[in-house]
Amino acid sequence: MIYDVAVIGAGVTGASTAWRLSRYQLNTVLLERWADVGFGVSKANSGIIHAGFHHPVSTLKARLEIRGNLMFEALQHELGFPFKRTGILVVAFSEAEMATVHKLYEQGIANGVQGLEMCGRERLLQLEKKLNPEVVGGCFAPGGGTIEPYRYVFSLVESAKRNGVHLECSFEVSEAVREGDVWIIRSSGGAEVRARYVVNSAGLFADRVSRIFGAEEFTIHPRKGEEYLLDRNSAARPERVIFPVPSAHSKGVLVIPTAEGTTMIGPTSDVVEDKLDTTTSADQMQRILSHVRNLISGVSPRDLITSFAGLRPVMDNEDFYIALSEKAPAFVQAAGIQSPGLTASPAIGEYVKDLLKGAGLPLLEKVHFAVELAPRHEVRHESVASLDRLHREDPAWTHIVCRCEKISEAEIVEAVRKGHTTLDGVKFYTRAGMGRCQGGFCAVRIMKIISRETGIPMEELTKKGGNSRLAAGRLGDLPVHTAEQRGGIVA
């Protein structure tokens with residue numbers, strides 16, 4: 001098959017683009033280097049829907065952020081991912097910081113952000129009772145909020161697939177040649193895809209993909225942000241997303257009430273060389289805890305349940321780079337999508353679609369387009385009557401596999417049958433393993449379900465694809481052997 005469009009990278013940018021293109025009479029393929037969608041930059045996102053005041057409207061990122069922010073109610077209605085408009089507070093602890101807050105407020109007003117409010121100390125403490133009482137003042141943006149980023153990506157891709165988009169995971173682009181009006185794209189594993197138009201939404205590796213296609217030369221600088229997650233019972237959980245006054249290159253260390261009930265603190269902002277460096281450190285943890293304690297009460301290291309790091313794909317000018325290539329034909333760049341890329345993503349999908357149309361891609365809307373995904377059953381949110389009905393249909397609905405997050409066997413089976421066959425894929429789809437014990441109780445049980453449903457031997461299951469094998473030796477009374485022990489070869 002010769003596809004009309006190949007979208008490279010299945011994070012928020014590529015998923016939004018593929019989903020937007022799925023509304024048209026096109027053959028579209030979404031190519032992802034990792035074992036599942038959203039496993040790159042997007043999986044470690046802070047999950048904030050920004051309100052549109054941090055950047056001047058002269059930047060592309062601000063214009064797309066403001067447009068994207070307004071699209072999430074409709075998207076949630078259609079796709080069903082967790083999303084809440086909690087509002088955002090920017091808090092200042094000195095008159096000098098208040099001067100910066102005033103500039104942010106004026107910038108937001110100039111950007112057309114609705115509902116912005118300058119606040120004194122009493123108003124801030126009314127909006128968020130857990131704030132440090134030494135706060136001087138700040139700004140309230142009611143249009144900000146939180147989202148579960150991996151569920152958002154999964155929902156976009158699920159809808160896109162339902163409407164005809166083809167997904168190829170474990171497809172790392174290694175070569176591209178142009179024959180006539182067709183791009184021939186080859187992966188490091190030997191697979192090949194042909195497409196007339198290409199969108200480069202490869203995140204941290206967009207610079208490499210651009211070079212492979214003979215397009216523009218630029219450099220993506222990975223900027224690492226460490227994040228720490230607090231138990232859902234933490235006394236530090238606020239009602240709003242809390243920002244400090246930002247610096248020149250960072251929005252600062254935040255306190256984020258996540259859309260699914262936990263509290264996230266962070267991120268740091270450090271330029272690194274390695275695009276795969278997702279390590280965390282005790283020093284950074286202490287630094288984050290110190291910053292957060294200045295913002296809010298109730299923070300305790302006893303509430304920490306996990307840490308992780310994400311890498312932002314930063315370009316030299318700090319702005320998004322979304323444009324039709326001037327060097328490679330029928331090739332659209334969607335690079336440098338760092339914060340507020342999640343917020344901007346639905347608008348980025350529209351923007352890229354318009355660029356493709358301007359480059360000659362014919363766009364005819366489908367007569368039949370499946371707008372809404374079917375609602376998902378989630379045991380932790382079901383009523384007793386609903387659970388009783390589900391149990392009668394299938395007892396797996398009331399067999400709880402993940403105790404911390406109350407995830408049933410049926411939910412895990414659903415995730416596997418939708419193509420999520422790694423431990424992380426199931427975790428991001430269902431939240432199994434995201435609670436207090438971080439999979440200590442349920443990981444083996446999940447692995448057994450994946451193996452049972454897919455036929456993949458236990459010793460070949462992975463955490464996140466590739467070489468991230470999970471088991472060897474014994475799991476309770478279950479023997480597990482490596483491929484070498486079975487006389488095979490490890491890939």
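The values are calculated or read from the model by the stated rules, or taken from the named source; none is laboratory data. Computed from a prediction, not measured in an experiment: that's the story for all the values here. Glycine gets a Cβ as well: all are built from the backbone with ideal geometry, and neighbour counts include every protein chain shown. Accessible surface is based on the protein model in full, side chains and every heavy atom, while ligands, DNA and RNA are left aside. Shrake-Rupley method; radii C 1.70, N 1.55, O 1.52, S 1.80 Å.
Rg/Rh for region 221-279 stands at 1.03; both radii use Cα atoms, and Rh follows the Kirkwood definition. Spin-label model, R389 to R85: label points 7 Å out along the Cα-to-beta-carbon direction sit 3.0 nm apart. A cut-off of 5 Å between modelled amide H atoms, ignoring neighbours fewer than 5 places along the same chain, links L254 with G266.
Got a sec? What order do K464, K366 fall in by accessible area at 1.4 Å, biggest, i.e. largest, first? Working shown, then result.
On the way: K464 100, K366 55 Å².
In descending accessible area the options line up as K464, K366.
Two decimals, Cα atoms only, Kirkwood Rh: what is Rg/Rh over region 266-337?
For region 266-337, the value is 1.16.
The order of L304, L361 by accessible area, most exposed first and with a 1.4 Å probe, is L304, L361.
Rounded to two decimals, the Cα-based Rg/Rh of region 231-353, with Kirkwood Rh, is 1.04. What separates the Cα centres of region 359-386 and region 180-230 is a distance of 28 Å.
Stretched out straight at 0.36 nm per residue, the stretch from R178 to L289 would grow longer than its current Cα-Cα span by 34.8 nm. Quick check: residue separation of T398 and A359 times 0.36 nm, minus the Cα distance between them. What number comes out in nm? Value of the extension gain: 8.8 nm. Residues in region 305-372 average 41 Å² of solvent-accessible surface per residue, probe 1.4 Å, ligands and nucleic acids excluded. A Förster radius of 60 Å, combined with the Cβ-Cβ distance separating E372 from E117, puts the computed FRET efficiency at roughly 0.95. For K327, the lysines whose Cα comes closer than 27 Å to its Cα, not counting residues fewer than 8 places off in the same chain, are K61, K275, K353, K357.
Go through A236, I337, H381 and say which Cα lies farthest out towards the positive end of the charge dipole of the chain; charges sit on Cβ, +1 for Lys and Arg, -1 for Asp and Glu. Going by the charge dipole, the pick is H381. Of S201, G138, G435, whose Cα points farthest to the positive end of the dipole of the chain (charges on the beta-carbon: +1 Lys, Arg; -1 Asp, Glu; origin at the Cα centre)? Projecting each Cα onto the dipole axis, the largest value belongs to G435.
Residue-wise HN-Hα couplings along region 457-468, as the Karplus relation 6.51 cos²θ - 1.76 cosθ + 1.60 with θ = phi - 60° gives them from phi, are x, 3, 6, 9, 5, 10, 6, 9, x, x, 9, 7 Hz; Gly and Pro carry x. Dividing the helix sum by the residues of the chain, where each DSSP H run of 4 or more adds -39500 (n - 2.57), gives a mean residue ellipticity at 222 nm of -9000 deg cm²/dmol. Peptides 148-158, 190-200, ordered by how many other C-beta atoms sit within 10 Å of their residues on average, highest first, read 148-158, 190-200. Its residue count N sets the reference 2.2 N^0.38 Å, and the alpha-carbon radius of gyration of region 93-139 equals 1.17 times that reference. Tell me, for the chain, which Cys residues have no other cysteine's C-beta sitting closer than 4.7 Å. Singleton cysteines: C119, C139, C169, C404, C437. Measuring between their Cα centroids, region 266-316 and region 25-88 lie 22 Å from each other. At full extension, K418 and K327 could sit 28.9 nm farther apart than now, given 0.36 nm per residue minus the alpha carbon distance. What separates the Cα centres of region 120-178 and region 392-412 is a distance of 27 Å. Binning the alpha carbon pair distances of region 294-439 at 10 angstrom intervals from zero yields the distribution 9, 22, 24, 25, 16, 4, 0, expressed in whole percent.
Binning all Cα-Cα separations of region 1-148 at 5 Å, short to long from zero, yields these whole-percent fractions: 2, 9, 14, 16, 17, 14, 11, 7, 5, 3, 2, 1, 0. Counting only protein heavy atoms and using a 1.4 Å probe, the accessible area of C437 comes to about 60 Å². In this structure S300 has an accessible area near 20 Å², from a 1.4 Å probe over the protein heavy atoms.
The residues of region 176-231 have, on average, 35 Å² of accessible surface per residue, using a 1.4 Å probe with all protein chains present. Within the same chain, lysines fewer than 8 places from K129 are excluded, and of the rest, those with a Cα less than 26 Å from its Cα are K84, K103, K251.
Panel note: the C-alpha atoms of region 149-306, placed on their principal axes, show extents of 63, 36, 27 Å (largest first). In this simple spin-label model, placing a label point 7 Å from the Cα along the Cα-to-Cβ direction at both Q126 and R380 gives a separation of 3.4 nm. A P(r) calculated from all alpha carbon pairs of region 383-462, with 10 Å bins opening at zero, reads 20, 51, 26, 3 percent. Solvent-accessible surface of protein heavy atoms, probed at 1.4 angstrom with all chains present, puts C404, C139 in the order C404, C139, largest first.
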